[in-house]
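Student: This is the structure, below, for whatever I ask next.
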Amino acid sequence: MPKIMIIEDDKAVREELALLLANEGYEPVAVTDFHRIIPQVKEASPDLILLDLGLPGQDGLSLCAELRQDNDIPVIFVTSRNSTSDELTALCMGGDDYICKPYNIPLLLARIKVVLRRSSPKAATEYTEINGLRLNPAKGCATANRLTTELTRNEIQILAHLMAHAGEIVPRADLIEALWNNKIYIDDNTLSVNMTRLRGKLEALGLPDYIRTRRGIGYQICQGGTAE
Ligand code: CA
(Lines give C-alpha, C1' and ligand atoms only; values in the text may rest on other atoms or scores of the structure.)
Protein backbone atom coordinates (compact mmCIF):
# COMPACT_ATOMS: atom_id res chain seq x y z
CA MET A 1 0.00 0.00 0.00
CA PRO A 2 1.38 3.42 -0.92
CA LYS A 3 2.90 5.35 1.95
CA ILE A 4 1.84 9.00 2.11
CA MET A 5 3.73 11.46 4.27
CA ILE A 6 1.73 14.34 5.74
CA ILE A 7 3.74 17.48 6.48
CA GLU A 8 1.18 19.77 8.09
CA ASP A 9 1.58 21.71 11.33
CA ASP A 10 -2.13 22.06 12.11
CA LYS A 11 -2.69 19.08 14.37
CA ALA A 12 -6.43 18.77 13.71
CA VAL A 13 -5.97 18.89 9.93
CA ARG A 14 -3.05 16.49 10.13
CA GLU A 15 -4.97 13.92 12.13
CA GLU A 16 -8.02 14.23 9.93
CA LEU A 17 -5.88 13.66 6.84
CA ALA A 18 -4.15 10.66 8.40
CA LEU A 19 -7.50 9.09 9.24
CA LEU A 20 -8.87 9.79 5.79
CA LEU A 21 -5.85 8.30 4.05
CA ALA A 22 -5.86 5.23 6.29
CA ASN A 23 -9.54 4.71 5.50
CA GLU A 24 -8.67 4.84 1.82
CA GLY A 25 -6.11 2.09 2.23
CA TYR A 26 -2.99 4.24 2.24
CA GLU A 27 -0.30 4.14 4.89
CA PRO A 28 -0.15 7.64 6.37
CA VAL A 29 2.99 8.91 8.09
CA ALA A 30 2.70 12.27 9.80
CA VAL A 31 5.58 14.58 10.61
CA THR A 32 5.20 16.10 14.08
CA ASP A 33 8.69 17.49 14.54
CA PHE A 34 9.14 20.38 12.12
CA HIS A 35 12.88 20.74 12.57
CA ARG A 36 15.04 18.81 10.18
CA ILE A 37 12.14 17.49 8.11
CA ILE A 38 14.24 16.30 5.15
CA PRO A 39 16.01 13.53 7.11
CA GLN A 40 12.60 12.35 8.29
CA VAL A 41 11.37 12.22 4.70
CA LYS A 42 14.38 10.22 3.60
CA GLU A 43 14.03 7.90 6.55
CA ALA A 44 10.34 7.22 5.84
CA SER A 45 10.84 7.10 2.06
CA PRO A 46 7.16 7.74 1.25
CA ASP A 47 5.55 7.25 -2.16
CA LEU A 48 4.01 10.71 -2.01
CA ILE A 49 4.16 13.80 0.21
CA LEU A 50 1.29 16.14 1.12
CA LEU A 51 3.13 19.32 1.91
CA ASP A 52 1.65 22.35 3.65
CA LEU A 53 3.08 25.66 2.42
CA GLY A 54 2.97 27.49 5.73
CA LEU A 55 5.11 25.61 8.24
CA PRO A 56 7.00 26.70 11.33
CA GLY A 57 10.63 27.21 10.42
CA GLN A 58 11.31 26.21 6.85
CA ASP A 59 8.30 26.85 4.59
CA GLY A 60 6.91 24.21 2.25
CA LEU A 61 8.28 25.76 -0.93
CA SER A 62 11.89 25.88 0.15
CA LEU A 63 11.52 22.46 1.72
CA CYS A 64 10.40 21.05 -1.62
CA ALA A 65 13.21 22.81 -3.45
CA GLU A 66 15.71 21.30 -1.02
CA LEU A 67 14.15 17.87 -1.35
CA ARG A 68 14.32 18.09 -5.15
CA GLN A 69 18.08 18.50 -5.09
CA ASP A 70 18.46 14.75 -4.82
CA ASN A 71 15.01 13.27 -4.54
CA ASP A 72 12.02 12.76 -6.81
CA ILE A 73 9.28 11.74 -4.38
CA PRO A 74 6.05 13.25 -5.74
CA VAL A 75 4.81 16.27 -3.80
CA ILE A 76 1.28 17.66 -3.65
CA PHE A 77 1.25 21.10 -2.09
CA VAL A 78 -1.58 21.82 0.27
CA THR A 79 -2.16 25.50 0.65
CA SER A 80 -4.60 27.99 2.03
CA ARG A 81 -3.01 30.62 -0.19
CA ASN A 82 -4.96 30.71 -3.37
CA SER A 83 -3.11 32.64 -6.03
CA THR A 84 -1.78 31.70 -9.41
CA SER A 85 1.68 33.00 -8.59
CA ASP A 86 1.88 30.67 -5.60
CA GLU A 87 0.79 27.80 -7.79
CA LEU A 88 3.45 28.55 -10.38
CA THR A 89 6.09 28.98 -7.72
CA ALA A 90 5.10 25.62 -6.23
CA LEU A 91 5.41 23.91 -9.60
CA CYS A 92 8.72 25.66 -10.24
CA MET A 93 9.97 24.27 -6.98
CA GLY A 94 9.28 20.79 -8.29
CA GLY A 95 5.82 20.14 -6.89
CA ASP A 96 3.69 17.70 -8.88
CA ASP A 97 0.33 19.23 -8.08
CA TYR A 98 -1.34 21.44 -5.51
CA ILE A 99 -4.67 21.64 -3.72
CA CYS A 100 -6.20 24.44 -1.70
CA LYS A 101 -7.65 24.32 1.80
CA PRO A 102 -10.28 23.73 2.88
CA TYR A 103 -10.06 20.35 1.24
CA ASN A 104 -12.47 19.02 -1.24
CA ILE A 105 -11.93 15.41 -0.13
CA PRO A 106 -12.90 13.59 -3.35
CA LEU A 107 -10.69 16.01 -5.31
CA LEU A 108 -7.75 15.47 -2.97
CA LEU A 109 -8.11 11.69 -3.26
CA ALA A 110 -8.40 11.91 -7.05
CA ARG A 111 -5.24 13.97 -7.28
CA ILE A 112 -3.36 11.60 -5.01
CA LYS A 113 -4.38 8.75 -7.31
CA VAL A 114 -3.30 10.59 -10.46
CA VAL A 115 0.08 11.59 -9.02
CA LEU A 116 0.74 8.07 -7.72
CA ARG A 117 -0.23 6.52 -11.03
CA ARG A 118 2.01 8.94 -12.90
CA SER A 119 4.94 8.11 -10.68
CA SER A 120 4.56 4.34 -10.54
CA PRO A 121 7.70 2.85 -12.00
CA LYS A 122 7.37 1.10 -15.30
CA ALA A 123 10.08 -1.17 -16.65
CA ALA A 124 13.31 0.34 -15.36
CA THR A 125 15.14 -0.45 -18.58
CA GLU A 126 12.56 1.21 -20.80
CA TYR A 127 13.90 4.23 -22.58
CA THR A 128 13.40 6.30 -25.71
CA GLU A 129 16.24 7.73 -27.74
CA ILE A 130 15.85 10.34 -30.45
CA ASN A 131 18.43 12.69 -31.94
CA GLY A 132 21.02 11.87 -29.33
CA LEU A 133 18.79 12.32 -26.31
CA ARG A 134 17.90 9.29 -24.23
CA LEU A 135 14.88 9.59 -21.93
CA ASN A 136 14.51 7.05 -19.15
CA PRO A 137 11.15 7.74 -17.49
CA ALA A 138 11.53 5.05 -14.83
CA LYS A 139 14.83 6.48 -13.66
CA GLY A 140 13.51 10.02 -14.03
CA CYS A 141 16.41 11.24 -16.09
CA ALA A 142 17.59 12.16 -19.57
CA THR A 143 21.06 11.61 -21.00
CA ALA A 144 22.93 13.23 -23.88
CA ASN A 145 26.59 13.88 -24.68
CA ARG A 146 27.53 11.65 -21.73
CA LEU A 147 25.72 14.06 -19.40
CA THR A 148 22.66 13.17 -17.35
CA THR A 149 20.00 15.43 -15.90
CA GLU A 150 17.22 14.57 -13.50
CA LEU A 151 13.71 15.46 -14.62
CA THR A 152 10.52 16.10 -12.71
CA ARG A 153 7.45 14.07 -13.61
CA ASN A 154 5.97 16.96 -15.55
CA GLU A 155 9.16 17.33 -17.57
CA ILE A 156 9.20 13.59 -18.27
CA GLN A 157 5.58 13.73 -19.44
CA ILE A 158 6.29 16.63 -21.77
CA LEU A 159 9.41 15.06 -23.22
CA ALA A 160 7.88 11.59 -23.54
CA HIS A 161 4.88 12.99 -25.35
CA LEU A 162 7.01 15.04 -27.75
CA MET A 163 9.33 12.10 -28.40
CA ALA A 164 6.39 9.78 -29.03
CA HIS A 165 5.28 12.25 -31.68
CA ALA A 166 8.74 13.13 -33.02
CA GLY A 167 8.58 14.88 -36.35
CA GLU A 168 5.05 16.09 -35.67
CA ILE A 169 4.04 19.48 -34.38
CA VAL A 170 2.40 18.83 -31.02
CA PRO A 171 -0.23 21.42 -30.08
CA ARG A 172 0.07 22.98 -26.62
CA ALA A 173 -3.37 21.67 -25.71
CA ASP A 174 -2.23 18.09 -26.36
CA LEU A 175 0.73 18.55 -24.07
CA ILE A 176 -1.40 20.07 -21.35
CA GLU A 177 -3.73 17.11 -21.56
CA ALA A 178 -0.83 14.67 -21.43
CA LEU A 179 0.45 16.50 -18.37
CA TRP A 180 -2.65 16.51 -16.31
CA ASN A 181 -4.61 13.61 -17.78
CA ASN A 182 -7.62 15.77 -17.22
CA LYS A 183 -8.77 18.85 -19.08
CA ILE A 184 -10.19 20.45 -15.94
CA TYR A 185 -6.71 21.40 -14.77
CA ILE A 186 -5.58 23.06 -18.00
CA ASP A 187 -3.27 25.95 -17.35
CA ASP A 188 -1.28 27.38 -20.20
CA ASN A 189 1.14 29.22 -17.90
CA THR A 190 1.98 26.00 -16.12
CA LEU A 191 3.03 24.44 -19.41
CA SER A 192 5.20 27.45 -20.22
CA VAL A 193 6.91 27.29 -16.84
CA ASN A 194 7.60 23.57 -17.21
CA MET A 195 8.77 23.98 -20.80
CA THR A 196 11.23 26.73 -19.87
CA ARG A 197 12.67 24.62 -17.09
CA LEU A 198 12.91 21.54 -19.31
CA ARG A 199 14.69 23.48 -22.04
CA GLY A 200 17.16 24.81 -19.51
CA LYS A 201 18.00 21.25 -18.52
CA LEU A 202 18.35 20.14 -22.16
CA GLU A 203 20.59 23.09 -22.82
CA ALA A 204 22.81 21.95 -19.96
CA LEU A 205 23.07 18.61 -21.79
CA GLY A 206 24.26 20.46 -24.89
CA LEU A 207 20.88 20.36 -26.67
CA PRO A 208 19.67 23.98 -26.58
CA ASP A 209 17.38 23.68 -29.60
CA TYR A 210 16.09 20.18 -28.99
CA ILE A 211 12.48 21.30 -28.61
CA ARG A 212 11.49 23.77 -31.29
CA THR A 213 8.68 26.24 -30.82
CA ARG A 214 6.30 26.44 -33.76
CA ARG A 215 4.86 29.80 -32.90
CA GLY A 216 1.12 29.80 -32.47
CA ILE A 217 0.95 26.08 -33.21
CA GLY A 218 2.91 24.08 -30.69
CA TYR A 219 6.22 22.30 -30.14
CA GLN A 220 8.25 19.91 -32.22
CA ILE A 221 11.17 17.55 -31.98
CA CYS A 222 12.55 17.08 -35.48
CA GLN A 223 13.09 13.40 -36.13
CA GLY A 224 16.56 12.87 -37.55
CA GLY A 225 16.95 16.63 -37.65
CA THR A 226 20.17 18.49 -37.29
CA ALA A 227 19.18 20.40 -34.16
CA GLU A 228 21.51 18.25 -32.12
CA1 CA B 1 0.34 25.44 8.19
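Student: If I filter region 95-143 down to residues being of a type in the set (Asp, Glu) and touching a helix residue (DSSP H, G or I) at 6+ places or on another chain (Cβ under 9 Å), which single residue comes out as modelled with the highest pLDDT?
Tutor: Initial filter on region 95-143 (of a type in the set (Asp, Glu)): 96-97, 126, 129.
Filter once more, so that each one left must be touching a helix residue (DSSP H, G or I) at 6+ places or on another chain (Cβ under 9 Å): 96-97, 129.
Numbers: 96: 82, 97: 83, 129: 89.
The qualifying residue modelled with the highest pLDDT is 129.
Student: With respect to residue 44, is the statement that it is at pLDDT 90 or above and small (Gly, Ala, Ser) true?
Tutor: Values: at pLDDT 90 or above: yes; small (Gly, Ala, Ser): yes.
The answer is yes for residue 44.
Student: Still on this structure: Considering only strands (runs of 3 or more DSSP E) fully contained in region 1-110, which possess at least 2 residues that are away from the ligand (no atom under 16 Å from the Cβ)?
Tutor: Counting at least 2 such residues, we get 3-7, 27-30.
Student: Output the qualifying pairs, or none if there are none: Cβ atoms under 8 angstrom, residues six or more apart or on different chains, first residue in region 161-175 and farther than 17 Å from residue 118 by Cα, second residue loosely packed, with under 15 Cβ neighbours inside 10 Å and among the β-branched types (Val, Ile, Thr).
Tutor: The qualifying pairs are 169/217; 171/217; 173/186.
The values are calculated or read from the model by the stated rules, or taken from the named source; none is laboratory data. None of the values given here were measured: they were computed from a predicted structure. Cβ atoms come from the backbone with ideal geometry, glycine included; neighbour counts cover every protein chain shown.
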